[in-house]
C-alpha cells in the first residue's frame with residue numbers, strides 16, 4: 001500500500017517555460033503550487049545558447065539565464081520549487097497520486113504535467129560537443145543566427161522538410177542529408193523541397209562526424225551505397241529526426257498519440273483524467289517553442305483553478 005507523505009492542492013511536474021508559467025499563474029490564484037523540477041531543471045532551454053525570439057528580451061538572452069528568470073519569478077509568487085523527479089503515478093481515484101524519486105508518494109487535487117520532450121540525436125562524434133555552437137535540434141529557434149550562411153540538416157520526415165524550407169529562406173544554401181533513397185515526408189512537402197533551388201539533397205547518406213574546434217565548420221557524410229566519404233563546409237548542423245515526449249510514466253493512464261504525446265481536449269489543457277492537465281512540449285508536437293509552451297502553461301493553471309473551484313477544493 002502506498003504511504004502518502006504530503007498532500008498538495010496543485011502539483012506541477014516539470015520546470016521549463018510551461019511548468020514555470022503554470023506555477024506563476026497558479027501562485028497568483030492562491031493555489032499554493034508545488035513544482036518538482038525533474039531531471040533537467042529548466043528544460044531544453046538550459047542547453048540553448050542565444051534566445052532571440054522570446055518577447056520581452058530586445059537584446060536576446062541566454063537560455064539558461066532565461067530559465068533562471070522564470071524560476072525566480074515563480075519563487076517570488078510563492079511557488080514551492082523542489083528538486084525531484086516524478087517516477088510513477090496512480091490516477092485511479094482522487095486525490096491523484098504521484099511517486100517522487102522512487103521513494104515517496106504524494107497526493108494532489110490537481111496535477112499539471114509539463115515534462116516536455118527530448119530531441120532525438122544521432123549520437124555521432126562532435127554532435128554533443130558542439131551542441132549550442134552550431135549544432136541544434138530546432139531550425140526555427142536557431143536558424144536566424146546563420147543568415148546567408150551554408151548549413152546542413154539531417155532528416156527525411158515532414159519536420160525535416162519544413163525546417164529545410166524554413167532555412168532555405170534565410171540561409172544561402174541548405175545541404176539536406178537523407179539516409180535512404182526517398183523521403184518519409186508527405187508528397188507535397190517533398191515536392192516543395194525538390195523545387196527549392198538552394199536545397200541540395202544527399203540521398204543514401206549518413207552523417208559520420210560534425211567537425212569544428214569551437215563551432216561547427218564542416219560535416220563528414222558517407223554514401224551508404226559506395227561508402228564514399230564527403231566533407232561539406234557548413235556553419236551549422238540541424239538534427240531533425242524527431243522528438244521523444246517525456247510521458248512514459250503516464251502510459252496506461254492518459255490518452256496519447258502513437259508517438260507518446262499526451263492528448264488534450266481541443267481549446268484547453270484537460271486530459272482524459274479529471275484534474276490532470278498537460279502543457280508544453282509533452283502535448284505539442286507541432287510548434288515546440290518556448291513562447292507557446294509558456295502560453296499553454298498559463299492555460300493549464302487557469303484550467304486547474306476552474307476545476308478546483310468547481311469541485312470546491314480550494
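The values are calculated or read from the model by the stated rules, or taken from the named source; none is laboratory data. Quantities reported herein were computed from a predicted structural model and do not represent experimental measurements. All Cβ positions, glycine included, derive from the backbone under ideal geometry; neighbour counts span all protein chains shown.
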message = Quick check on the range 287-307: of everything there that is assigned to a helix (DSSP H, G or I), without any contact (Cβ under 8 Å) to a residue 40 or more places away in the chain and touching a helix residue (DSSP H, G or I) at 6+ places or on another chain (Cβ under 9 Å), which residue is nearest to residue 240 (Cα to Cα)?
response = 292
remark   = Checked 142, 181, 195, 158 against criteria (farther than 30 Å from residue 312 by Cα and without any contact (Cβ under 8 Å) to a residue 12 or more places away in the chain); the one match is 195
query = How about the range 136-176: which of its residues are under 24 Å from residue 62 (Cα atoms), outside any strand (DSSP E or B) and within 18 Å of the chain's Cα centre (by Cα)?
reply = 137, 138, 139, 140, 141, 142, 143, 163
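I'd like to verify a number: residues in the range 262-286 that are in a loop (DSSP other than H, G, I, E, B) and within 17 Å of the chain's Cα centre (by Cα), how many?
The total comes to 8.
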remark   = The correct count of residues that are over 15 Å from residue 303 (Cα atoms), buried (at least 19 other Cβ atoms within 10 Å of the Cβ) and either modelled with pLDDT under 95 or touching a strand residue (DSSP E or B) at 6+ places or on another chain (Cβ under 7 Å) (or both) in the range 15-39 is 7
remark   = Considering only strands (runs of 3 or more DSSP E) wholly within the range 53-135, the ones with at least 2 residues that are modelled with pLDDT of 95 or more are 80-82, 86-90, 96-100, 104-113
